Amino acid sequence: MSKELIEAITEMREGDAVEITRKLLDSGTDPVQILDACREAMGIIGRRFETGESFIPELMLAGDILGQISAVVKPRIQQAGEGKKLGKVVLGTVQGDIHDIAKDIVGFMLDINGFEVTDLGVDAPPAKFVEAVKQTGAKIVGLSGFLTLAFDPMKFTVQALKDAGLTDVKVMIGGGQIDEQIRQYTGADAYGKDAMAAVAIAKSWA
């Protein structure tokens, strides 16, 4: 039935995906297996997006489907005592940018992989990241930005964290045209080309 769930997600059958999730849980399926199926489905959708087979609307719908599945699965994980967190992450789209699709998918993937995520939303100024890190004690910060105008705010945010004495915090960036050159420009510790890369980076720092 996990294959049915993967197909429902990748084919954007929202209602079916949620219903299959409920049936899997009711039949005693391990919630982690359901989340593994979600990860596999997102990998398929991500590859389709990279090759031009799917577009932004599909990513938006996929994010919505994942959110609904997460709402169904997470209480079961907590009941089963499998809610141990690997660490805390502060995530947000930087100041001047209001794109949140990729950020939301990264947040979901970090969440189901065992991280406690504080999502600052979009157009978040450097001071907001600094405040959130101080309040949560997070050791990982994720900066998202789709537009080229996000590069400077990313750089300013990295510097603001250093200026606040938060030198033990690791920063990863992602979105749009982010590459190694932009990572060096911003001073971030790493960049991820997609949500799974972000998860791998976060796990390496946990």
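FYI, it's all coordinate maths here, none of it is from the lab. What you see is a predicted model, and the numbers here were worked out from it, not measured in a lab. Every residue, glycine among them, receives a Cβ derived from its backbone with ideal geometry; neighbour counts consider all protein chains shown.
Rounded to two decimals, the Cα-based Rg/Rh of the chain, with Kirkwood Rh, is 0.98. Taking the C-alpha atoms only, the angle from helix 195-205 to the longest principal axis of the chain is near 60 degrees. What the phi angles of region 148-165 give under the Karplus curve with 6.51, -1.76 and 1.60, with θ = phi - 60°, is a coupling list of 5, 5, 7, 4, 5, x, 4, 4, 5, 5, 4, 5, 4, 5, 5, 4, 7, x Hz, glycine and proline written as x. The C-alpha atoms of the chain define a longest principal axis, and helix 101-112 lies at about 70 degrees to it. The eigenvalues of the Cα gyration tensor, multiplied by 5 and square-rooted, give region 1-122 an equivalent ellipsoid with semi-axes of 23, 20, 11 Å from largest to smallest.
Applying 1/(1 + (r/R0)^6) with R0 = 35 Å to the Cβ-Cβ distance of residue 12 and residue 76 gives a FRET efficiency near 0.90. Amide H to amide H distances under 5 Å link residue 117 with 89, where only residues 5 or more positions off or on other chains count and H is placed in the peptide plane.
Spin-label model, residue 30/residue 136: points 7 Å from Cα along the beta carbon direction are separated by 2.7 nm. Rounded to 0.05, the FRET efficiency of the residue 44 and residue 205 pair, given R0 = 25 Å and the Cβ-Cβ distance, is 0.40. Taking each DSSP H run with n ≥ 4 as -39500 (n - 2.57) and averaging over every residue of the chain yields -18500 deg cm²/dmol at 222 nm. Summed over all non-identical Cα pairs, the Kirkwood treatment of region 87-205 gives a radius of 13.4 Å. Using the Cβ-Cβ distance between residue 148 and residue 23 with R0 set to 45 Å, the FRET efficiency works out to roughly 0.50.
Ordering 106, 121, 188 by the projection of their Cα atoms onto the charge dipole of region 87-205, which places +1 on the Cβ of Lys and Arg and -1 on the Cβ of Asp and Glu, puts 188 at the extreme positive end. Amide H to amide H, with H built 1.01 Å from N, residue 170 comes under 5 Å of 140, 141, counting only residues 5 or more places away or on other chains.
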